[in-house]
Amino acid sequence: MARREEWQTQTEVAARLDAWLPADAFWTALDPIAPSATSGLMRKRRGCKAGVPDILILYCGKLIAIELKSRRGQCSRSQRAVRVALLRAGVAAWWVCRSANAVMWAVAHDVPFRTIAHEDGAIERWQQPELSAWEVPKRNPHERRPRAPEWDPEGLKAEIVGLSAAAEVA
């Protein structure tokens, strides 16, 4: 469920970055999920690193890294290690974001968004949305935030039990 939520957020982020980033910015999303153990091993041998952020944005020589998480997701050990390595190497910003609005809020700290002129002559400027406390991006994965309203620890326990049972059957 968390992967589906992250995927949906990532597709929404892609549309927004394509629309709002200036022409001299470059961005890409990464897809680190190996479809098999063999392809995972091949990626590792080619130098692909575990924990690389989901989105990388390059603007005026500054690299901005975005790690997407579901409403209840946490950064893994490898993601935290990559964050430290990127900061040591001079990355401009590293953020954990739980929504498309949070991504845009974080990116706006380092990148000026463009103005969109519509065919009817209307001018559109990006407006920073007001974020709920749980949604505010974090520069450090250890920063505390309130839980998202839909966060349900009992549902999570049931999901884990269901996955464990399915793994035992397989």
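The values are calculated or read from the model by the stated rules, or taken from the named source; none is laboratory data. Remember, predicted model here, so these are calculated numbers, not experimental data. All Cβ positions, even for glycine, are placed from backbone atoms using ideal geometry, and neighbour counts span all protein chains on display.
Comparison of D31, D24 shows that the only residue that is loosely packed, with under 13 Cβ neighbours inside 10 Å, acidic (D, E) and modelled with pLDDT under 95 is D31.
Scanning region 29-61 for residues that are in contact (Cβ under 8 Å) with a residue 24 or more places away in the chain and hydroxyl-bearing (S, T, Y) returns a single hit, Y59.
Residues checked against (1) acidic (D, E); (2) touching a Pro at 6+ places or on another chain (Cβ under 9 Å); (3) not in a strand (DSSP E or B):
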| site | (1), (2), (3) |
| --- | --- |
| N101 | no, yes, yes |
| D110 | yes, no, yes |
| G121 | no, no, yes |
| W126 | no, no, yes |
| E130 | yes, no, yes |
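Among residues of region 97-110 that are touching a residue at least 40 places away in the same chain (Cβ under 8 Å) and under 13 Å from Q8 (Cα atoms), those with a Cβ under 6 angstrom from a residue that is basic (K, R) and assigned to a loop (DSSP other than H, G, I, E, B), sequence gap 6+ or separate chain, pair up as R98/K69; R98/R71. Considering region 83-115, and only residues there that are at pLDDT below 95 and over 18 Å from W27 (Cβ atoms), the residue that is surrounded by the fewest Cβ atoms within 10 Å (Cβ to Cβ) turns out to be T115.
Residue count for region 46-76, restricted to those that are within 14 Å of V111 (Cα to Cα) and in a loop (DSSP other than H, G, I, E, B): 2. With respect to the conditions (1) out of contact with any helix residue (DSSP H, G or I) (no Cβ under 7 Å at 6 or more places or on another chain); (2) hydrophobic (A, V, I, L, M, F, W, C); (3) surrounded by 15 or more Cβ atoms within 10 Å (Cβ to Cβ); (4) at pLDDT below 95, V52 falls short on a single one, namely (1). Of all residues in region 132-170, exactly one satisfies the criterion of being in a loop (DSSP other than H, G, I, E, B), aliphatic (A, V, I, L, M), under 21 Å from S76 (Cα atoms) and at pLDDT below 90, namely A148. Residue count for region 68-96 under the criterion of being under 15 Å from G51 (Cβ atoms) and in contact (Cβ under 8 Å) with a residue 60 or more places away in the chain: the result is 7.
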